[in-house]
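See below for the structure under consideration.
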Amino acid sequence: MSTLRSSISPLFLDYKIELPYMKARKKAKGTKARVQAYKKRLGYIGTAITVAILITVIVISSFLIYSRLNSSPNQTSNKDQTVTSISMPPQAAIVDHLSLTYPNQTFIQTATNTLKQAGYTVDYYPGEKVTVEFYRNLPTHGYRLIILRVHSSATWGADLKEAPVILFTSERISRTRYIHEQLNDQLFWVSYTDEEAEKGILYFGISPLFVTQSMNGRFQNTTVIMMGCEGLDNPLMAKAFAEKGSKAYISWNEPVLASHTDQATSHLLQHLLIEKRTLEESVQETFKEVGSDPAYKSLLVYYPPEVGEQTIEDITDNP
C-alpha cells in the first residue's frame, strides 16, 4: 500500500459624637426603679430564649442520632450497589489515516453503525489528525477497540529489505522536531510512493520502539485491528502493543488493497461484535466470505495465538 523510507532520527476615623441622650438633664423620679425592672425583664426574656435554643438543639441532635443508629444496613448496601452498577459503555476509535488517499465513507459509516449496535461509543479521527502526538497519547483515551485504517509497511526502501512494521502519520518530517525519537529509531521517514520520496514529500512513521518507549499511559485490554499493509508480516508491532497493554492484535501478513481491507474489516466486525464469535471463528468466517487479497494473496491473522479461542468480550474483561 505504501513505500517505506529510512531515517536517522478598613481605615477607621475617631469621631466624637454627642447624641441627645448624652446631654446632662434632670433625672426624673423613679427612673432607677424602672431601669432595674426593665433589665430584670430582659434577663427573664434572655433566659427563656437561651433555654428554647438549647431544647431545639437537643431535639434535633437526638433525632439525627436516632436516625443514624436505626438506619437499615440493607438500605446502605442497596445504595452502594446502585452506585457500583453504573458503568460507562466501552469506547472505540476509528483512526482513518487513509481518508487522505483512499477515502471510503461507506466503510466508516458501516463500521460506526456496527460498533454502536454493539454498545460502543465511537470517536473518529480523520487523516489530518493522525500525527506523532496523536499516537503518543493514544493509550490515554481508554479505548477498548481501536481500528487503525492507516498506511503501514514492513518493507525498507526500494531494495525491499525486511523492517519492523511502521505506522504512517500525516505529519511532514522535520530535522528539528522529535530529535530524540529520530535518533533512537522510534520515528522513521516514510512516503506513499517512490515518486513522492524523490520529490522530498516525506512523513513521520512510528516504529514499535515508539509504542513501547514514547507512548503515554497504557492500553486497557484493548483489541487493535490494524488494517494496513504487512501489519503482521512480523510480530514486532503486535508485541509492542501487547507490552503497552493491548490483548489482541489483528492484521494482514502481506500488503493489502484498501478496498479489500475495508470489505474484510466490515465482515470481521460483524462476526466479532454482533455475532460474538471468537477471534479464530471471526477470521475464518471473514476469509470464507471475502477470501484473500486479490492482488497480494494476503490473509488476516492475529496475535498472540492464544487469544483465538476468546471473544472480544472475553478479551475486554480479562485482566
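The values are calculated or read from the model by the stated rules, or taken from the named source; none is laboratory data. Please read these numbers as outputs of a predicted model, since none were measured by experiment. Here the Cβ positions follow ideal geometry from the backbone for every residue, glycine too, while neighbour counts run over all protein chains shown.
The table below lists the values:
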quantity: Residue within the stretch 144-156 that is over 23 Å from the mean Cα position of the chain (by Cα), assigned to a loop (DSSP other than H, G, I, E, B) and farther than 22 Å from residue 95 by Cα present; calculated: no
quantity: Positions within the stretch 93-112 being closer than 23 Å to residue 313 by Cβ and under 20 Å from the mean Cα position of the chain (by Cα), in sequence order; calculated: 93, 94, 95, 111, 112
quantity: Test: residue in the stretch 118-125 that is touching a His at 6+ places or on another chain (Cβ under 9 Å) and assigned by TED's automatic domain parsing to the domain that holds residue 172; calculated: yes
quantity: Single match in 286, 316 (criterion: among the hydroxyl-bearing types (Ser, Thr, Tyr), surrounded by 13 or more Cβ atoms within 10 Å (Cβ to Cβ) and under 23 Å from residue 104 (Cβ atoms)); calculated: 286
quantity: Check on residue 233, closer than 16 Å to residue 98 by Cβ, crowded, with 19+ Cβ neighbours inside 10 Å and acidic (Asp, Glu); calculated: no
quantity: Subset of the stretch 167-185 (residues that are surrounded by fewer than 19 Cβ atoms within 10 Å (Cβ to Cβ) and in a loop (DSSP other than H, G, I, E, B)); calculated: 174, 175, 176, 177, 184, 185
quantity: Residues located in the stretch 186-210, provided they are more than 15 Å from residue 132 (Cβ to Cβ) and in a strand (DSSP E or B); calculated: 191
quantity: Residue check, residue 306 surrounded by fewer than 18 Cβ atoms within 10 Å (Cβ to Cβ), among the acidic types (Asp, Glu) and touching a helix residue (DSSP H, G or I) at 6+ places or on another chain (Cβ under 9 Å); calculated: no
quantity: Selection within the stretch 143-198 - small (Gly, Ala, Ser) and more than 16 Å from residue 232 (Cα to Cα); calculated: 157, 158, 170, 174, 191, 197
quantity: Test: residue 251 is closer than 23 Å to residue 296 by Cβ and assigned to a helix (DSSP H, G or I); calculated: no
quantity: Residue that is farthest from residue 268 (Cα to Cα) [pool: residues in the stretch 88-122 that are assigned to a helix (DSSP H, G or I) and among the hydroxyl-bearing types (Ser, Thr, Tyr)]; calculated: 99
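To keep it simple, each residue is scored yes or no on (1) modelled with pLDDT of 95 or more; (2) assigned to a helix (DSSP H, G or I); (3) farther than 13 Å from residue 227 by Cα; (4) small (Gly, Ala, Ser).
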| site | (1), (2), (3), (4) |
| --- | --- |
| 264 | yes, yes, no, yes |
| 271 | yes, yes, yes, no |
| 276 | yes, no, yes, no |
| 282 | yes, yes, yes, yes |
| 285 | yes, yes, yes, no |
| 298 | yes, no, no, yes |
| 301 | yes, no, no, no |
| 315 | no, yes, yes, no |
